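The values are calculated or read from the model by the stated rules, or taken from the named source; none is laboratory data. All values derive from a computational prediction rather than experimental measurement. Because the Cβ atoms are built from the backbone with ideal geometry, glycine has one as well, and the counts that use them run over all protein chains shown. The accessibility values were calculated without ligands, DNA or RNA, using every heavy atom of the protein model including side chains. Shrake-Rupley method; radii C 1.70, N 1.55, O 1.52, S 1.80 Å.
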Amino acid sequence: MNKEEAKSRIRELTDEINRHNYTYYSLSNPVISDQEFDLLLKELEALEREYPDLLSPNSPSQRVGGEVAREFSQVLHSNPMLSLSNTYSIEEVEEWEARIHKIISEEVEYVCEMKFDGVAIGLTYQQGLLIQAVTRGDGIQGDDVTANVKTIHTIPIHLKGSGYPDLFEIRGEIFLPHSSFSRLNRIRAEEEEEPFANPRNAASGSIKMQNSAEVARRRLDCYLYYLPGPDLPFATHYESLQAARSWGFQISEYIAKCSTILEIFEFIQEIDELRKGLPFDIDGVVIKVNNIRQQEILGNTAKSPRWAIAYKFKAEQAETRLLSVDFQVGRTGAVTPVANLEPVLLAGTVVKRASLHNADIISALDVRIGDTVYVEKGGEIIPKITGVRTDLRPADSVPIKFLERCPECSTPLVRAEGESAWYCPNRTGCPPQIKGRLEHFISRKAMNIDSLGEGKIEILYDNGLVSDVADLYDLKQEDLLGLEKTYVDPASGKERKVSFKEKGVANILKGIDASRSTGFDRVLFALGIRFAGETVARKLAQHFHSVEAIRDASMEELTDVEEIGEKIAESVTEFFSKQENLDLIERLKNSGLNFSVDPDFFRYKGTELEGKSIVISGVFSRFSRDELKKMVEAHSGKNTGSISARTSFVLAGENMGPEKKKKAESLGIPLISEEEFLRMIDRE
Ligand code: IVH
């Protein structure tokens, strides 16, 4: 295909993909399968790779986002991005209407809409093309987040239809639908990262990320609700939204024209009912004067337009009694107060426990045991106590005393300056902290020792066999055989006994042994450094290549790494400043765990293994099994799990299972050592 042909094919593909994006994301009515769609996109990407100068920044291929890190540039808003004044009762809406009628004597029509709870965005289009997307910022200037916004499929890059101004701005709200929010928090929990408190925080964090490929994975969405003037070809706000819909923007279906306060109130009630079932969060209704000429007459105050107002819903709330407070000690030693409540129905679920956050909040609320309290679910994952009915306080109510000593090990609690949480400092002697670290160490995303799962760690700990993660690698068969534990099965309520027999013990030891080949990034994650989740650990490993380099890195060198902010860097520095942690790493190193990665590891690529199907088995000395798997892929080979006649060779380490060995031999499949393998791909 010559360049001219490529150009016209790119145009065709662009139109077609945009059309499918629209039918899929905006109309929820796809007309082709995902595979067919991917084929079109792949064809487009291939052409754009071949002819890089034909790649337009508005190409639909750019929606998947790029890896480039960038600082956002600041952009002045051509019309300041104002906020809305809030009302909480219909009387306040009436007062607003009365103020309007002092200025405008003719009839006024209103448009009522949902108030989306996300982050405001201003999109600028020139000749039907999205050229810029800017956040609110301080209302005067905001961040240019165009690349991130282009990953949102309901925002058109090319407009459809006709009649749009040559240059105009449209504003709306970017938000995270509930489904995307729960998915994101599930992933974050697995990666031991702090979950987002609510979809709004998650949306605002997402839109400001440096890596737009990651933004694309978050699955944000957007509703548009306002075209700021001055020179718009419309007489009313309502018309402008209808036109915007015809150009391909996602405009809510829930928009009502109202002439009286009663109609406004009915709309508010309808939406309040509806919102419990919506797939995204709204926090109220916005009421706007429909006629644009009247809007101009009314004008703005310094902060908000006089022609629009928000009616905010009350957060869903219930009243119940506070029965008691538990104090929980986590893996990091943080002590969290949790309220036990008389069960109460709130927003569709029965609530029995609520967060009391920390000592400061307890005293600010002046909440006591026996009090009737308000619980709210304002978008947060765990309901929280937001107030106390002091008028209903019983005479025998008991103030909550925050503990002075750890509920598990009686060590006096400490509080770091500027932090609200109290900690048990007894890292090495406080059972839930030790058990928590062990559980974390063996978890799937860390060392993945599942033969120690299901409470077995607890048995080892209770019997004094392990008190830190390095002890795991000293365990011997005779330590484990015959260990027992009785517990009450929560399902049946009956007492049950587990005991360690020969086969189980062998399995445990095998799992521990195999974990020695876990890659450095996961070993680093397994150490449980505060705030260093799976992604952070990977970034650190890829950047510094060895534990010594991380240990010696300055704050600046740490914060230079993508996604590592000050809080994480401080925590890493603190971790490596403690002798006990350095000793632990030394012991783990001596047990054969990986504390470094070949710096060139990810850069090598080749085709030496093309067409080869490879099984990796056993424990290796230089690389972890995961790393070897990646190398196979980087050199165009295919990893397979089990040996068959089609296997090209087995990359065999130490302790390869005898069954596998026998099978390979009987099929005549060669066994290759780590050294031979590295020579094969020219890595020696
Ligand atoms: S109109 C100048 N309409 O709420 C007024 N805003 O608290 C332009 N919001 O800044 C805004 N839904 O970020 C408008 N249907 C809606 C809205 C809406 C949510 C946001 C917007 C605004 C904030 C004020």
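Key figures
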{"quantity": "Overall form of segment 159-270 per C-alpha gyration tensor (a/c, 1.5; a/b vs b/c)", "calculated": "oblate"}
{"quantity": "Residue (of 623, 101, 88) at the positive-pole extreme of the chain, dipole from beta-carbon charges", "calculated": "623"}
{"quantity": "Protection proxy ranking of 554-562, 220-228, 674-682 - average other beta-carbon atoms within 10 Å, highest first", "calculated": "220-228, 674-682, 554-562"}
{"quantity": "Partner lysines for residue 578 [C-alpha distance under 19 Å; skip if fewer than 8 residues away on the same chain]", "calculated": "567, 589"}
{"quantity": "Segment 210-363: radius of gyration over Cα atoms, expressed as a fraction of 2.2 N^0.38 Å", "calculated": "1.49"}
{"quantity": "Global form of the chain, assessed from the alpha-carbon gyration tensor, a/c cut-off 1.5", "calculated": "oblate"}
{"quantity": "Cys residues of the chain counted as unpaired, since no other Cys beta-carbon is under 4.7 Å", "calculated": "112, 222, 258"}
{"quantity": "FRET efficiency, 1/(1 + (r/R0)^6) with R0 25 Å, evaluated for residue 405 and residue 366 via beta carbons", "calculated": "0.60"}
{"quantity": "Expected 222 nm ellipticity per residue - DSSP helices of 4 or more, -39500 (n - 2.57), all of the chain, to 500", "calculated": "-10000 deg cm²/dmol"}
{"quantity": "Set of lysines with alpha-carbon distance to residue 257 below 29 Å, sequence-local pairs under 8 removed", "calculated": "102, 115, 160, 276, 288, 303, 312, 314"}
{"quantity": "Spatially proximal lysines relative to residue 485 (Cα-Cα < 28 Å; intrachain offsets below 8 disregarded)", "calculated": "435, 445, 456, 476, 494, 497, 501, 503, 510"}
{"quantity": "Two-site label geometry, residue 467 and residue 210: point separation in nm, points 7 Å out along Cα→Cβ", "calculated": "4.2"}
{"quantity": "Of all DSSP beta bridges in segment 248-401, antiparallel share, percent nearest 5", "calculated": "95"}
{"quantity": "Positive-end residue, segment 503-629 charge dipole about Cα centroid, Cβ charges, pick of 550, 523, 614", "calculated": "614"}
{"quantity": "Mean accessible surface per residue for segment 58-192, computed with a 1.4 Å probe while every protein chain stays in place, in Å²", "calculated": "45"}
{"quantity": "Carbon plus sulfur fraction of accessible area for segment 308-391, probe 1.4 Å, in percent", "calculated": "51"}
